[in-house]
Each structure stands twice: as C-alpha cells, then as structure tokens.
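The values are calculated or read from the model by the stated rules, or taken from the named source; none is laboratory data. Given the structure is predicted, the values throughout are model-derived calculations rather than measurements. Reconstructed Cβ throughout: ideal geometry from the backbone, glycine too, with neighbour counts over all protein chains shown. To get the accessible areas, we keep the full protein, side chains included, count just its heavy atoms, and leave off ligands, DNA and RNA. Shrake-Rupley method; radii C 1.70, N 1.55, O 1.52, S 1.80 Å.
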Amino acid sequence: MRILLIEDNALNVDLFLGMLEDSGHEIVTANDGRSGRDAALSGGYDLVICDVRLPGLDGLSVGRELRAAGLTVPLIAVSAHAMAGDAQRGLDAGFDEYLTKPVSPRDLRAAIARVSAVHS
Amino acid sequence: MHALAQVATRKEALLSRIPRIRTVRQKIVAGYVASLLGVVVVAVVIRAETGRQNQLVQESARVERALLASTEVSERLSDMETGVRGFVITGFDSYLEPYLAGVRSLPAAIGAMRANAAAPEQVAQVDNIAALADRWRADVLAREIDARRRGGSEAADLVATGVGKSYFDAIRDEVERFEATQKQQLDALAVLRQRTSARQGVELILGALIAALTSLAISLGVARSIGRRARALEQAARAVAGGDLRQRIPTRADGDELDDLARSFERMRATLDELVGDKDRLVREAESATQAKSRFLASVSHELRTPLNAILGFSDILSEQTAGKLTARHERYLSNIHGAGEHLLTIINDVLDLAKVEAGRIELRLEILDLADLARPVVASAAQDAASRGLAFESHLGSDARVRVDAVRVRQVLFNLLSNAVKFTPSGGRVELRLAVDDGMLLAEVSDTGVGFPTESRDRIFQPFERFHEGKVAAPGTGLGLALTKQLVELHRGTIAVETELGRGSTFRLRFPGAAVEAPVGERVLVVEDETRDAELVAAIAADVGLASERVTSAAEAIEAIHRERPSGVVLDLYLRESHGSDVLAAIKLDPTTKDLPVVVVSVDENSERYRLMGADFCLTKPLNRDELRRWLAGLAERSATLADSAHRR
C-alpha cells in the first residue's frame, strides 16, 4: 500500500516507519497539517495516517477537509489524547479509526487491516 | 413660632404619657377595654334613665296617695255629715258615732293629703280644705249638735238655713279641684313614664349595638392587621422557599410581635442571600479548581504518553526486527524496557482514572449482559497469566443470570484483582474467580492462596499508594489499583471487602446491589393510562393476542414498574392527569438499559412526528384504532415468546 503519514514529531515518524516498512508498504511523510492535506488531495494514496496534534492545521480539521473534498480514502487518526469523547470526535471528523498512543505494532496493523477490509 | 413649639412640645409630652400599645396582646386588650368603656357608658346612661323612671314612679305613687287621702277626707266628711244628721233627726247619741270617728281621723287624712301634695299651690288647696272643714265643723256641725241637745226645733232650723249644705258643697268643690289637679298630674306623669320607657328601650338597643360594633370593629381591625402582615410574611417565605432570595421584606420598627417577626425574617433572608452567594462563589471556585486539575492531568498524561509511545513502540519494533538474532540477555533487556514502559502506561492511566472518579467525571455506561459475557475476557487473560506463572486458575460462574453494570469498569476491577492475585501467589498456588447473582445482587469473589497480608491492614490497602510486599514479589504494582478498584465498585453503589491472612492468601468479596436483572425479558405489556375504560380496552386486546398486561396510572408508577421488571413494551397515554406521558417516553429512551423498549404513544392530537422522533414506534390517537394496536401487541407477544425460548435454551 501507498501510505501517507502526517506527523510532525521525528521520533514518532521513525516509530511508524519502523512498524510499517517491513510489511512492504511505501510510506510518504508530511510534517504539518496543510502540506499533509494537500498531499492527500493530490491523490494516489491507499491510506492516510494522521496525528491529531499538528502544527498549523490540526489533524481533525485535516480529516474534515479531506472528507468535505470528497476523499474516500481510509483515514486513521492517532493521538495521545485518551479522554472520553476524544475517540468519538475523531470519528465525527471523518476518521475511520482513532488510535491512542502508545500504539503497538500489532494494534496498528490490526487497524490498517480493518479499514482496508471495509474499503475494499 | 415659639408658642407653636411650646404647644408641640406639650402635645408630645402628653402623648408620651399615654402607654404605648405595642404587642398584639396589648392591642386586643385595648380593644376590649374600649368596648368595655362603651358598655360602661351605656350602663351609666341606662342607670340615669332608670333613676329618672323611678323618680316618676315615686311621684305617681305620691299623687296616688294624695288621691287616696283625698278620698279618705271625703268619706270622713261624709261620715261627719251623716252622723250629725242622724243625731239631729233621732236625738240618739249612737248616731253621733260616725261624726266622732270622722272628727278623730280627719286630721290624719288631711295630713296625708298635705304630705302628698306636690306643689305649694296644692298645699294651699289642702289648707283651704282643712280650714273650711274646720269652720264647717265648728260653725255648723257643733252648733247643730248643741242645738239638738238643747231640744226643740233649733237644730232643724239651723239645718234648714242651708249654711251647712253650702259649706259642704264648698268643701266638696275644693276637694274635687284638688283631685282634678292630682289626676292631671297623674296623667302627665304617665305620659312621661311612657316616653322615658320608650327612650330607655331605644338607648338600650343603640348602646348594645354600638358596644358590639365597636368590639367587632376593633377585633376585625386587629385581625386584619395581623392577617395582612402574616400573609405578606407567608408570601415572602414562599418566595424564599422557591429560591428567590432577592426580594426585600418591608419592615416597620417598633411595631408588634409580627413586625418583629418580619424584621427577623428580613435579616434571615439577607443572611441566606449572602450565604447562597458565598456558596455559589465557592462552588464556582471549586469547579474551576477541579477543571484546572483535570486540564492539568490531561496535559500531563498527554506529555507523558508521547515519550512513552517512543519507548514502547521502539522496543516493540526492536523485538520484532531482532527476533532470534539477540542473546537471551539482550532479549531480556528489551523485554525489561518494554515492561517498564507498560508499567508507566498503567500508572498514567490509573492516575487519570482515579482523578476522574474523584472529580465525579466518570459516568457509568450500564448495559445488560449475562455473567458469562461479562467474565469471558477477564477469565481468558487471568487463565493465561496464571498458567505462565505455574498457578492453577478456576472460574465458577453462578446461574445463567443477567446483570446490569458498566461492563468495562467491572472488568477493569476484576482484572485488577485477578492480576494482583496472580502476582502475589507463588508458583504452585491457586487463584479462583467466582461470579454469582443472589438476592438481586451481583456477587464476585477473587481468592488466592498467595502471601496475603496482615489482617489489621485490611482497610489500609484500599488507600492510594499503600503497598505491601515491596521487594518480596517479582512484579511491582502501581499502588493505585486497589484504590481505583474500590472507587469503581463504589460508583456502582457496591461494596468491596477483603479477608486475608499473612501467608495463607486473600479473598476479595464484591457486592453490587441491584445489579441483577430480575428475569429475562418480561412478557407483559405496560399500560400507562389513567382512564379506566381505555386501559381495560388495551388490556383486553393484549389478552386477545396472548399478552399479559400491567396497568399504571402515573409517570412515576410507570418508571418504577419498568425498572422493577422489564415489560415487553409500553402503551403510553400522553395525557395523564398528574404528569405528562412524554416524561416517561423521554426517561425510557434516554436510559441505555431501556431505550430499545418498544413504546406506542397514545395522544389526542396529531403530533405523532414529534413522538416518533423521540423514539416511539408510532402514535395512536383516541379513539384507539384497534387493528393497529392489535398488530403491534401481537408483534410484542411474538418477540417476547422468541426471546423467552432462546433464554431457556441457553
């Protein structure tokens, strides 16, 4: 799969790459909300993984704008926020999954499998 | 000006000498005194009149006596005349008796006349009569007697002169005049008496009326004054009771007890207002403090998760990517890193949960499920955990019962207790989980044959950060687990207790009252209707399709019945006498445990869309469409029969 990762923290990027590269996916990274959104809109991705906290445009807004623009690609949100209601807000913003950090490789792979199944 | 001031001062001085009427009792007493005075005045007046009346009576009596005396005098004179005449004719002394008797008693009679004569003229009249009588006696009667004694015709000649007769006539005239005067007097007195009597009657009635009216007026006045102020106070009290502390109560200084009461009440209201203001302020402060604390916790937990994410994530990846390529020692190191990270995560989650519970921010999301479903994930992980440490694990689930709990939280609690049990039991021991439903309660027991802890510390272990066996056991705890567990249990209004003995093990017992769901889905339809005829109609149709029914007549009874035993559906009349059916509908649909309860709404207007949006199946209007209702009830019957079947089969 061609995956777009929208994440500003280098450590987290490294983490995601570590978790996903071995599965043969191609990962493209964007470091802030706006460039991530634009990249997603330019198309060609099978999955977008987006951190909720981003400089500039935040993750939930990216999700809303992508859905508003008619993008149907699976969206997964990742966040350190684990308060009640956060997950629902993510889903309301258009994301298909809302994962809370820390995300284990297993959880990430399971989430990807789930959204791919739904969208195929 | 000086003179005016003086007058004013004198008036003040005078008024201040009058005792001030302040208290209610004084007012009432004053009122009575006033009416008493009225009565006294009337009595005095009546007394005077009666005196006057008596006077008239006495005067009349006097006149009567005068008349009596005058009659007596006439008779005496007559006697005298008769006596002398008889003597003159017969010459016998015996015939002189009347004359002598008359002469003897005449003065007394005259005296009586004189005594009872009312006026000097009348006395003069009497004197006149007396003088005439005397002269008549001396000049006429006595000479006639002497003449007869001497013999011959001298006496007869004297009589023939007629002087005697003229004297007698004159006297009689005088007497008659006297009597006329007296009779006149008598008449006048009678008239006066009558008038006085009439006037007395009027005065009596008037006086009584005035006294009564004064008394009434004063009583009513006092009553009204009291009543008015009491009502004003009651209204003010009602406003305060209703939460309106802003309205000031008008008060009057130096009034009676009611005014004092009003003043005290006003002071009380002012104090309450202040206190409520304080309370509101304190509540706001507390709320903002709690919110600040929550925000702090949220941001701290967020900050902590980010590097934690890196720790856990990278050690995970490393494990995966170096599988089989590391020495056992290095693999252990990696595992330690990951374990420490997980530990840290657990602490963060527990701290957040504990803070949320304390801030009252955790809401239970109740659902109905059976014991097996509740226990399954917990049992699975505990079994695995126990096996990996060489412990025996047994789970015993009681009857095939259903419970209403927040499954996530209860599992969290059981998980915590089980992992503790496993942690603190050395290899070869055993851990047991029991779940049962009894007497409406969910009972859970987690027991182990582990190290236990001192019995005296039974209560302390539920405190945050209390620890035992530090260093004696391989895996450390967070110190928060039991504190959080207790809070979560108590959030369900349950209790947790522990039996333990150092070296023998521990048993934790939990009770969740009211968590048990009484029976599988009920087979009766609940009819909420206060018109008996309509209720009977619905019950009859229900019976027709083989469905039992229960009838309630108010919103409160409906809600109680639904929670007591879940019906298969609800027929809800919106227009109940003392409540509105839509309250019941809202209560049913907002409660997660009952929101799938089928409800049919009966109303008298065509507002069906609104109720459908609220969750009702559909809306019926009166008069009820029997076919529609019957179809719906039949559906209910079918559904509940199917569910009962499958419950039995399980």
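State to the nearest 20 debye the size of the charge dipole of chain B about its Cα centre, where the only charges are +1 on K and R beta carbons and -1 on D and E beta carbons.
Numbers: 86 positive and 92 negative charges, 380 e Å.
Dipole about the Cα centre, nearest 20: 1820 debye.
With a 1.4 angstrom probe, the accessible area lost at the A-B interface totals about 1700 Å². Using heavy atoms of the protein chains and a probe of 1.4 Å, the accessible area assigned to B:Arg135 is about 120 Å².
For region B:313-345, list whatever residues lose no less than 10 Å² of accessible surface once every protein chain is in place, relative to that chain by itself, with the probe at 1.4 Å. By number: B:Gly313, B:Phe314, B:Asp316, B:Ile317, B:Glu320, B:Gln321, B:Leu345. Temperature 4 °C, viscosity 1.567 mPa s: under these conditions the Stokes-Einstein estimate for region B:48-96, based on its Kirkwood radius over C-alpha pairs, is 97 µm² per second. Counting only heavy atoms of the protein chains and using a 1.4 Å probe, B:Phe462 has close to 20 Å² of accessible surface.
I need the fraction of alpha carbon pairs in chain B separated by more than 43 Å, rounded to a whole percent. All intermediate terms of the calculation are to be shown ahead of the outcome.
Details: 139678 of 210925 pairs.
Tail of the P(r) past 43 Å holds 66 percent of the pairs.
Taking every alpha-carbon pair under 8 Å whose residues sit at least 6 apart, region B:130-222 reaches a relative contact order of 22 percent. Other protein chain C-beta atoms within 10 Å of residue C-beta, averaged over A:15-21: 4.
Counting only DSSP beta bridges with both residues in region B:498-631, tell me the antiparallel percent, nearest 5. Provide the component values of the computation, followed by the final result.
Values: 5 of 22 bridges.
Percentage antiparallel, nearest 5: 25.
Residue order by solvent-accessible surface for B:Lys589, B:Lys595, B:Lys293, B:Lys486 is B:Lys595, B:Lys293, B:Lys486, B:Lys589, largest first, with ligands and nucleic acids left out and a 1.4 Å probe. Only helical runs count toward this figure. For chain B, summing -39,500 (n - 2.57) over DSSP H runs of n ≥ 4 and dividing by all residues gives -23000 deg cm²/dmol at 222 nm. Protein heavy-atom accessible surface, 1.4 Å probe, per residue over chain B: 57 Å².
Work out how much length B:Lys183 to B:Ala292 would gain on full extension: take 0.36 nm times their residue separation and subtract the Cα-Cα distance, in nm to one decimal. Don't skip to the answer; put the middle values down first.
Values: separation 109, 0.36 × 109 = 39.24 nm, distance 11.76 nm.
Stretched out fully, the B:Lys183 to B:Ala292 stretch lengthens by 27.5 nm.
The alpha carbon convex hull volume per residue for the protein assembly as shown rounds to 450 Å³.
Counting only protein heavy atoms and a probe of 1.4 Å, the accessible surface of the protein assembly as shown is 55% carbon and sulfur. Hey, can you list the DSSP H helices of chain B whose Cα span along the axis is 24 Å or longer and whose average Kyte-Doolittle score is at least -1.0? The qualifying helices are B:24-90, B:97-116, B:163-241, B:257-321, B:328-358, B:371-388, B:626-649.
Scan region B:345-415 for GluC sites (Glu not before Pro) in coil per DSSP, keeping those whose Cβ has at most 12 other Cβ atoms within 10 Å, and list them by number. Spell out each step's value before the answer.
Details: sites: B:Glu358, B:Glu363, B:Glu367, B:Glu394; in loops: B:Glu363.
For GluC sites (Glu not before Pro) across region B:345-415 that sit outside H, G, I, E and B with at most 12 neighbouring Cβ atoms in 10 Å, the list reads B:Glu363.
Note on the protein assembly as shown: antiparallel DSSP beta bridges, both residues inside, total approximately 40 percent of the bridges counted. Across region B:53-141, the mean sequence separation of Cα contacts (distance under 8 Å, 6 or more residues apart), normalised by length, yields a relative contact order of 33 percent. Take the alpha carbon gyration tensor of chain A, find the square roots of its eigenvalues, order them as a ≥ b ≥ c, and report rounded if a/c is under 1.5; if not, report prolate when a/b exceeds b/c, else oblate. Rounded, since a/c falls under 1.5.
With every protein chain in place and a 1.4 angstrom probe, the accessible-area ranking of B:Glu445, B:Glu234, largest first, reads B:Glu234, B:Glu445. Based on Cα contacts under 8 Å between residues 6+ apart, chain B shows a relative contact order of 8 percent.
Considering amide H positions built from the backbone, and no H for Pro or chain starts, which residues 5 or more places from B:Ser549, or on another chain, come under 5 Å of its amide H? Distant-sequence amide H within range of B:Ser549: B:Val525. Beyond a 26 Å Cα-Cα separation, which of these cross-linked pairs lie in this structure: B:Lys325/B:Lys423; B:Lys293/B:Lys486; B:Lys293/B:Lys423; A:Lys101/B:Lys356; B:Lys279/B:Lys595; B:Lys423/B:Lys486? Over 26 Å apart, Cα to Cα: B:Lys325/B:Lys423; B:Lys293/B:Lys423; B:Lys279/B:Lys595. The H on the amide N of B:Glu367, modeled in the peptide plane, is under 5 Å from the matching H of B:Val405, B:Asp406, B:Ala407, each at least 5 residues off or on a different chain. Rg over Rh for region B:80-129 works out to 1.20, both radii taken from alpha-carbon positions and Rh defined as the Kirkwood radius.
If you rank B:Glu257, B:Glu609 by how much accessible surface each has, with a 1.4 Å probe, what is the order from largest down?
On the way: B:Glu257 80, B:Glu609 100 Å².
From most exposed to least exposed: B:Glu609, B:Glu257.
Amide H contacts of B:Ala515: B:Leu442, each under 5 Å away and 5 or more positions distant or on a separate chain (H built 1.01 Å from N in the peptide plane; Pro and chain starts excluded).
The heavy atoms of B:Thr9 offer some 90 square angstrom of accessible surface to a 1.4 angstrom probe.
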